[in-house]
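A short worksheet on the structure shown next.
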Amino acid sequence: MLSLEAASIVLWSASLIVLPLGTGPAERAHFPRLLPPPGPPRLEPRCRRLGGRHYAVIVVGDEPAAVMTLLELRRRFDLVPGLRQARLALVTDADLSKGIGGTLVRSGLAYLDRNQVPSDMGDQLPPLAPSSDLYARFLRLVGVHHIAVDPQRASRAFGRALQQARIDLLPRAELLGVRLRGRRICTLHARRFGSLGAELFIDASLGGTLAELARVPRLPGMGVPHLSDQSLALGWIFALEGFTYGDLLRLESRLTRRLLDPRDVEAQQWLQLWPHYRQDRERLRSDLLTPAGTPRLAYSSTSDSIDQRSPALAIAFHGQSRLLPGLEQSPVLFDVANIAVLGDRVSVNALLFRNDAAQNRAVLATGNRPLPWMHPVAEKVSLFFRRQGVRRVLWSPELYVRSVEQIAHPLDPLSAERMAAGGVPRREALGTFTYALDFRGGLAGWFPRAKPTFNFGYRHTLPREISNLAVLGPGSGFGGFGEGAGRIVELNVSVGQGLAIASTLALQGRIPLAEVDPQLVARQMPDGYLPYGRPTTATTLQLWWRHHDDRITRRILGGDHFRFPWHADR
């Protein structure tokens with residue numbers, strides 16, 4: 001990812017061009033001065049066209065929210081006579097020959113986190129009810145029954161849908177800089193495609209590439225000053241061919257018996273790496289067995305998903321590989337797994353790597369490719385499962401990046417505190433989302449286990465500094481810990497539907513995105529998704545970050561594995 005401080009400003013034809021000169025992650029380790037944010041952007045002078053391609057909207061990135069927002073834009077444009085012929089483009093530095101769909105496809109995120117409908121809404125909504133019409137269309141498009149999405153099938157579906165919607169795909173663009181006029185982006189410059197102009201830009205890239213080129217201030221690390229050098233654990237998702245739910249249950253049963261057998265010398269040696277289990281056999285039994293005394297095996301709440309509840313597999317892997325568990329003392333953790341069932345294979349989201357803000361930026365800058373020191377760990381995982389009879393272990397080409405730097409001055413932040421209070425006002429809400437703030441990789445053991453039910457809008461995507469830009473995704477304005485829910489695919493796809501409506505209204509009225517009435521946008525959302533956000537009863541959530549201790553929170557992101565509630569409801 002490109003460095004903001006390493007950018008130089010060059011005047012060209014009375015316009016401003018921001019061109020990157022360096023990529024050093026250490027250059028942004030400081031926390032930006034949070035001055036009083038400027039007022040809403042005013043109407044800026046129109047950009048002069050200087051040649052090159054010109055579009056109504058350019059979306060940067062190929063994450064699922066990027067693709068679905070473009071499809072919604074085309075659908076909206078086709079309803080407006082003056083916009084039916086308007087051009088749309090998806091621009092990305094990624095090589096789309098390896099798949100369209102970013103985190104979902106190239107990182108292999110096959111297990112989808114879904115809207116967790118509260119029990120008191122059960123008579124009005126089914127379990128896992130989609131939070132928007134656009135997300136329901138996404139599920140149909142990529143063929144999701146409940147939880148699991150096949151990355152290859154999703155990539156093909158995205159490609160066909162974008163082609164049918166007459167959307168230009170501009171991959172391997174190598175973005176270089178932007179030309180600004182006042183507070184508007186006029187042109188995006190790409191090495192491969194030259195100058196690309198647009199009336200509106202949506203940065204839906206995972207790392208906020210366009211926002212960085214436009215010098216939009218962002219919050220380093222986790223978004224709060226004392227955690228500005230920290231980031232959530234990186235994941236590397238893999239698939240097991242010829243491994244079934246039944247195989248997993250038999251493996252967990254066998255490992256549980258061995259770990260509880262004091263005569264099994266090898267299994268007892270594995271436990272030497274886990275001092276809390278070595279010193280407390282009752283705790284080991286409690287984590288491995290149910291209250292009825294049976295092995296605490298993985299369970300399948302839907303036909304296409306499996307959730308682990310036992311540490312047996314992790315203990316065996318770390319023991320056989322001689323890797324200390326816990327990200328505080330080791331760079332690697334084999335966590336309890338979320339598993340997607342994909343026909344003759346399963347996709348496993350369990351392998352975590354210790355991370356900090358500098359490394360996170362470096363990974364994003366290199367296209368999310370695994371770092372060299374991670375490959376020997378992956379080989380240990382492959383060897384472990386081949387010993388269990390698995391035919392092949394297939395690794396995703398990109399890492400799963402869980403957190404990114406967020407815009408510092410959103411027009412209307414959607415913070416964790418606001419989520420806990422019920423979210424945006426109902427009259428401005430696009431819909432409602434319920435999700436346990438998830439900081440997998442250590443933080444879950446310390447953070448209050450709150451599951452806010454909150455109304456969401458789209459104005460947290462609008463940086464105050466640029467009038468024709470929205471930042472859609474985990475880099476939106478979640479104010480730090482709000483990213484625990486804000487990184488989820490479903491929420492960002494649903495926000496994208498409102499952003500597409502607002503963009504259409506802005507183009508019709510020739511006004512900045514910030515001047516679009518959010519109540520008008522909310523009224524244009526499809527029927528059937530009435531907002532029902534409410535304050536959470538977990539008031540400790542609203543107090544936690546006001547009183548937390550620097551030393552403790554650093555241990556949180558280091559992953560104090562021994563405090564992790566293994567068999568809690570994840």
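The values are calculated or read from the model by the stated rules, or taken from the named source; none is laboratory data. All of these numbers come straight from a predicted model, not from anything done at the bench. With ideal geometry, Cβ positions are generated from the backbone for all residues, glycine too; neighbour counts draw on all protein chains shown. Surface accessibility is based on the protein's heavy atoms, side chains included, excluding ligands, DNA and RNA. Shrake-Rupley method; radii C 1.70, N 1.55, O 1.52, S 1.80 Å.
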Placed amide H near G177: partners under 5 Å, 5+ positions off or other chain: H189
Cα centroid of segment 59-116 to Cα centroid of segment 148-185, whole Å: 6
Net charge over other residues, Cβ less than 15 angstrom from the Cβ of W373 (K, R count +1; D, E count -1): +1
Förster radius 45 Å - calculated FRET efficiency between S303 and A362 (Cβ-Cβ, nearest 0.05): 0.70
Extended-chain gain in nm, criterion 0.36 nm per residue less alpha-carbon gap, S119 and R49: 19.8 nm
Amide proton proximity set for S305, modelled H, under 5 Å, gap of 5+: V341
Segment 73-78 - phi-based ³J(HN,Hα) in whole Hz, Karplus 6.51/-1.76/1.60, Gly and Pro as x: 4, 4, 4, 5, 4, 5
Calculated from backbone phi, Karplus (6.51, -1.76, 1.60) coupling profile of segment 421-433 in Hz, x at Gly/Pro: 8, x, x, 6, x, 4, 5, 10, 7, 7, x, 10, 9
By average C-beta atoms within 10 angstrom, highest first, the peptides 419-431, 462-474: 462-474, 419-431
Per residue Cα convex hull volume in Å³ - calculated over segment 458-510: 62
Total formal charge among the other residues, if their Cβ is under 14 angstrom from that of R74, Lys/Arg +1 and Asp/Glu -1: +4
Surface share of carbon and sulfur [accessible, 1.4 angstrom probe, percent] for segment 322-409: 53
Rounded, prolate or oblate (a/c below 1.5 giving rounded, otherwise prolate when a/b exceeds b/c) for segment 226-350 by Cα gyration tensor: oblate
Taking segment 73-142 and dividing mean pair separation by its residue count, relative contact order in percent (alpha carbons under 8 Å, at least six apart): 14
Under the Karplus curve 6.51 cos²θ - 1.76 cosθ + 1.60, θ = phi - 60°, whole-Hz ³J(HN,Hα) for segment 255-264, x wherever Gly or Pro sits: 5, 4, 4, 5, 5, 8, 9, x, 7, 7
